1. Determine, yes or no, whether Arg13 is part of a helix (DSSP H, G or I), surrounded by 13 or more Cβ atoms within 10 Å (Cβ to Cβ) and in contact with a Leu (Cβ under 9 Å, 6 or more places away or on another chain).
2. I'd like to verify a number: residues in segment 47-63 that are surrounded by 12 or more Cβ atoms within 10 Å (Cβ to Cβ) and either touching a Leu at 6+ places or on another chain (Cβ under 6 Å) or not charged (D, E, K, R) (or both), how many?
3. In segment 16-63, what residues are assigned to a helix (DSSP H, G or I), of a type in the set (Ser, Thr, Tyr) and either out of contact with any helix residue (DSSP H, G or I) (no Cβ under 9 Å at 6 or more places or on another chain) or free of Cβ contacts under 8 Å to residues at least 24 places away in the same chain (or both)?
4. For segment 37-46, how many residues meet the condition of being surrounded by fewer than 17 Cβ atoms within 10 Å (Cβ to Cβ) and not charged (D, E, K, R)?
5. Give the number of residues within segment 6-30 that are of a type in the set (D, E, K, R), within 18 Å of Ala45 (Cα to Cα) and more than 10 Å from the chain's Cα centre (by Cα).
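A short reminder: the numbers here are calculations on the coordinates, not readings from a lab. In this text, all values refer to a predicted model and were calculated from it rather than measured experimentally. Using ideal geometry, Cβ is built from the backbone for each residue, glycine included, and neighbour counts are taken over all protein chains shown.
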Amino acid sequence: MTRQEHLEWCKKRANEYLDNGDVQNAYGSMASDLGKHPETAGHSAITLGMMMMMSGHLSSVQEMRNFIDGFN
């Protein structure tokens, strides 16, 4: 699987949580799944996302969806 294919798979799985209103597990899914591919493991947005969540900037479904869909 290419990096891009893996990234799209990660986004799809995370967005499924968001479709059910589950913001925290959407982030957890994205962070966990990124670690499963050598080219996305340790992605800097994982740390950024945690900091944003802790400061209340990714508390809504739409905020988290924008964050997840913005991964590249």
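1. Details: part of a helix (DSSP H, G or I): yes; surrounded by 13 or more Cβ atoms within 10 Å (Cβ to Cβ): yes; in contact with a Leu (Cβ under 9 Å, 6 or more places away or on another chain): no.
For Arg13, the condition - part of a helix (DSSP H, G or I), surrounded by 13 or more Cβ atoms within 10 Å (Cβ to Cβ) and in contact with a Leu (Cβ under 9 Å, 6 or more places away or on another chain) - is not met.
2. From segment 47-63, those surrounded by 12 or more Cβ atoms within 10 Å (Cβ to Cβ) are 48-50, 52-53, 57-61, 63; that's our starting set.
So of that shortlist, the ones also either touching a Leu at 6+ places or on another chain (Cβ under 6 Å) or not charged (D, E, K, R) (or both) come out as 48-50, 52-53, 57-61.
Matching residues across segment 47-63 total 10.
3. Taking segment 16-63 and keeping what is assigned to a helix (DSSP H, G or I), we get 16-19, 23-34, 44-54, 61-63.
When the remaining residues are screened for being of a type in the set (Ser, Thr, Tyr), the result is 17, 27, 29, 32, 44, 47.
Answer for segment 16-63, where residues must be assigned to a helix (DSSP H, G or I), of a type in the set (Ser, Thr, Tyr) and either out of contact with any helix residue (DSSP H, G or I) (no Cβ under 9 Å at 6 or more places or on another chain) or free of Cβ contacts under 8 Å to residues at least 24 places away in the same chain (or both): Tyr17, Ser29, Ser32, Ser44, Thr47.
4. Let us first name the residues in segment 37-46 that are surrounded by fewer than 17 Cβ atoms within 10 Å (Cβ to Cβ), namely 38-39, 41-42, 44.
Filter again for not charged (D, E, K, R), leaving 38, 41-42, 44.
Total meeting the criteria: 4.
5. Pass one, segment 6-30, residues of a type in the set (D, E, K, R): 8, 11-13, 16, 19, 22.
In the following step, the residues that additionally are within 18 Å of Ala45 (Cα to Cα) were identified as 8, 11-13.
Narrowing the set further to residues that are more than 10 Å from the chain's Cα centre (by Cα) leaves 8.
Going through segment 6-30 one residue at a time, the tally reaches 1.
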